[in-house]
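Undergrad: Okay, handing you the structure first.
The values are calculated or read from the model by the stated rules, or taken from the named source; none is laboratory data. Bear in mind the structure is a predicted one, so any value in this text is a computation, not a measurement. All Cβ positions, even for glycine, are placed from backbone atoms using ideal geometry, and neighbour counts span all protein chains on display.
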Amino acid sequence: MSYITVEVEIDHGQIVAREPAKLPEKGKGLLTVLESGESSREAGNTSRIEAFHALQKSLDLDDAKASAWMDVIRDGRR
């Protein structure tokens with residue numbers, strides 16, 4: 001199975017892909033709508049590494065477990 005994620009803009013209910021060349025001529029897909037506004041701006045203030053460290057702490061991962069987890073995620077994306 002293959003998939004692609006593309007960034008879209010929504011304007012009055014019309015969805016426009018920001019990179020339409022990445023889309024297949026025909027197909028089906030899912031769209032995840034991210035909130036715009038204050039809550040997304042606040043979430044943007046946390047860097048990816050800060051978010052990772054918070055996740056690592058909440059899951060009680062040591063460096064070795066965290067590294068193994070990142071390897072599994074990286075392999076899953078291939």
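Undergrad: Search segment 44-67 for residues being among the basic types (Lys, Arg) and over 17 Å from the mean Cα position of the chain (by Cα), and hand back the single one that is farthest from Leu34 (Cα to Cα).
TA: Lys65
Undergrad: Right, next: Restricting the search to segment 16-26, which residues are in a loop (DSSP other than H, G, I, E, B) and surrounded by 10 or more Cβ atoms within 10 Å (Cβ to Cβ)?
TA: Glu19, Leu23
One line per residue, one yes/no per condition, for (1) at pLDDT 75 or above; (2) out of contact with any helix residue (DSSP H, G or I) (no Cβ under 8 Å at 6 or more places or on another chain); (3) not in a loop (DSSP other than H, G, I, E, B):
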{"residue": "Lys28", "(1), (2), (3)": "yes, yes, no"}
{"residue": "Glu35", "(1), (2), (3)": "no, yes, no"}
{"residue": "Ser39", "(1), (2), (3)": "no, yes, yes"}
{"residue": "His53", "(1), (2), (3)": "yes, yes, yes"}
{"residue": "Lys57", "(1), (2), (3)": "yes, yes, yes"}
{"residue": "Leu61", "(1), (2), (3)": "yes, no, no"}
{"residue": "Trp69", "(1), (2), (3)": "yes, yes, yes"}
{"residue": "Arg78", "(1), (2), (3)": "no, yes, no"}
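Undergrad: While we're here: Restricting the first residue to segment 51-78 and requiring it to be farther than 25 Å from Thr5 by Cα, which pairs with a second residue that is surrounded by fewer than 10 Cβ atoms within 10 Å (Cβ to Cβ) meet a Cβ separation below 9 Å and a spacing of at least six or different chains?
TA: Correct list of pairs: Gln56/Asp62; Gln56/Asp63.
Undergrad: Moving on. Being of a type outside the set (A, V, I, L, M) and farther than 10 Å from Ile4 by Cβ is the filter here; which residues of segment 20-35 pass it?
TA: Pro20, Glu25, Lys26, Lys28, Thr32, Glu35, listed by residue number.
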